[in-house]
Amino acid sequence: MTMYLASNLRATSAPALTELMARVREISSKSRIINLAQAVVDFPPPEPFIEAVIESIRGDHIHRYSPDPGWLHLRQTLADYLNRSFGLNVHPENELIITPGANQACFEAFMSILEPGDEVIIPAPWYFNHAMTVTMLGGILKAVPAHSRDDYIPDPERIKDLITEKTRAFVFVNPNNPTGSRYSDEWVREVGDILADREIWVISDQTYQEIVFQGGRPLSMASLPGMHEKTVTVGSFSKSLGIAGWRIGFLAGPDMLVEQAIKVQDCSIISAPNITQSGLMATLPHLESFREKYLPVLKRRRDAFCEGIQACREIRYTEPQGSIFVFLRLPDSWDEMDFARHLLEKAGVALVPATGFGPGGKGGLRVSFGATLEKDLVVAAEKIGECVKSYK
Ligand SMILES: Cc1ncc(COP(=O)(O)O)c(C=O)c1O
């Protein structure tokens with residue numbers, strides 16, 4: 001007897017990374033590798049976070065359920081921060097949910113808006129979890145190709161070309177995973193103008209909103225006139241505070257959407273962990289100084305890698321303006337998965353082949369520089385260059 005499994009889930013493919021990542025673990029248990037695969041930073045959480053967590057662990061309230069949307073005083077503090085720093089106009093009581101991370105927030109947003117057969121426009125190469133979520137909910141992905149020649153920023157007119165009566169949402173990540181591009185304020189405005197009069201949701205994934213090297217913090221779509229009512233802003237503290245394992249992020253959107261999204265949170269995870277909320281509450285006032293401390297370190301890492309990889313003429317890349325990624329493009333016709341395997345075996349450097357990152361993933365490799373020392377990034381770039389020369 002073959003038991004039935006949901007067709008939308010069977011139709012959803014995860015990036016074919018399992019075998020490569022198993023090999024990374026196997027090799028790294030015996031010898032040292034330079035791991036540029038994981039989308040993490042290596043900074044310890046800020047001291048106020050650690051202190052608050054230690055202190056609050058003995059409090060009774062920590063062991064019970066949190067209110068589904070998170071502690072009200074945390075939502076108030078976060079709403080103040082988002083409204084002040086990103087020009088949002090979020091009401092803490094009914095327009096903000098503290099979620100266990102940005103992925104959960106995206107899931108809640110897509111669950112709240114998508115019907116099977118609905119189309120979602122998304123620049124490609126894309127963040128594969130967005131694509132997976134849309135597919136598992138029966139949505140249809142409509143890729144807007146983002147090319148290296150345009151620094152991976154698609155022409156807004158191409159977005160317009162893809163709009164049909166079935167378009168339910170446009171989703172974008174700014175600054176971007178996997179390309180490292182920061183969409184300019186002008187671009188965000190142009191896309192906002194295209195969408196303003198249409199019944200199309202925007203999901204603005206701002207997981208890397210604090211990690212910007214050029215051009216300042218990104219313009220939030222929700223801050224534009226008329227866009228508050230149709231934009232879901234999603235964010236995370238995984239990278240900006242180095243607390244990926246503690247699981248905390250947020251969803252901000254109009255109350256009619258938040259009213260639906262909270263049902264998804266209730267049925268799946270109930271709330272973000274109390275203990276993490278206590279840490280975040282104590283840390284939010286220090287976010288700025290933490291950012292000032294780690295941003296130059298990340299920038300130096302980016303520069304060290306980019307300077308190194310520049311010497312390799314066969315590889316194209318765009319210097320990232322934000323996030324923790326450099327997107328490399330191999331010569332046409334090279335297979336990114338095969339090259340990533342070769343690089344791991346020959347040179348002990350792990351990165352993520354962009355197989356499964358949508359139509360723009362072919363020949364692409366994602367390097368994460370968030371958790372690697374400058375000197376190792378220099379060595380990694382050199383090794384990638386050598387491997388390119390010895391490949392094929
Ligand atoms: C674009 C994007 N969105 C969401 C996430 C998930 O973040 P979180 O750890 O907050 O769930 C990531 C993590 O890599 C990401 O890159």
For segment 106-188 the trypsin sites (Lys or Arg not before Pro) that pass both the DSSP coil test and the at-most-15 other-Cβ-within-10 Å test are K166
Let me make sure I get this right: for segment 275-392, a, b and c are the square roots of the gyration tensor eigenvalues over alpha carbons, sorted descending. Under 1.5 in a/c it's rounded, otherwise prolate if a/b > b/c, else oblate. Which is it? prolate
Taking 0.36 nm per intervening residue step and subtracting the Cα-Cα distance, what contour gain separates D150 from S390 on full extension? 83.5 nm
Sparse-neighbourhood loop hits (chymotrypsin sites (Phe, Trp or Tyr not before Pro), segment 37-104; DSSP loop; Cβ within 10 Å at most 16 others) -> Y65
Of the options V202, V264, G216, report the single residue whose Cα projects farthest towards the positive end of the charge dipole of segment 202-302 (beta-carbon charges: Lys, Arg +1; Asp, Glu -1). G216
Straight-line reach only, C-alpha to C-alpha below 16 angstrom: list the lysines that K375 could link to, leaving out same-chain residues fewer than 8 apart. K299, K383
Could you give the size of the charge dipole of the chain about its Cα centre, using +1 on the Cβ of each K and R and -1 on the Cβ of each D and E, expressed in debye and rounded to the nearest 20? 1260 debye
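Which of rounded, prolate or oblate describes segment 49-286 when judged by the alpha-carbon gyration tensor and an a/c cut-off of 1.5?
Prolate, since a/c reaches 1.5 and a/b exceeds b/c.
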What's the local net charge at Q321, with K and R +1, D and E -1, over the other residues with C-beta under 11 Å away? +1
Cα gyration tensor, segment 166-315 - rounded (a/c under 1.5), prolate or oblate: oblate
Would you calculate the separation in nanometres between label points at R10 and D335, each defined as 7 Å from the Cα along the Cα-to-beta-carbon direction? 2.7 nm
Over the chain, with a Gaussian network built from C-alpha contacts below 10 Å, which listed residue (A311, A124, A282) shows the highest mean-square fluctuation? A311
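For K166 and V378 in the same chain, what is the full-extension length gain: residue separation times 0.36 nm, less their Cα-Cα distance, in nm?
Gain on extension, K166 to V378, equals 71.6 nm.
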Determine which lysines satisfy two conditions relative to K160: a Cα distance under 30 Å, and not lying fewer than 8 residues away in the same chain. K142, K230, K362
Where both partners of a DSSP beta bridge lie in the chain, what percent of those bridges are antiparallel, to the nearest 5? 45 percent
Helical mean residue ellipticity (222 nm; -39500 (n - 2.57) per DSSP H run of 4+; nearest 500) of the chain: -12500 deg cm²/dmol
Sorted by Cβ neighbour density within 10 Å, fewest at the top, the residues T207, T372: T372, T207
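Every number here is computed from the coordinates shown, using simple stated rules; none is lab data. What you see is a predicted model, and the numbers here were worked out from it, not measured in a lab. Don't worry about glycine lacking a Cβ; one is built from the backbone with ideal geometry, like all the others, and counts go over all protein chains shown.
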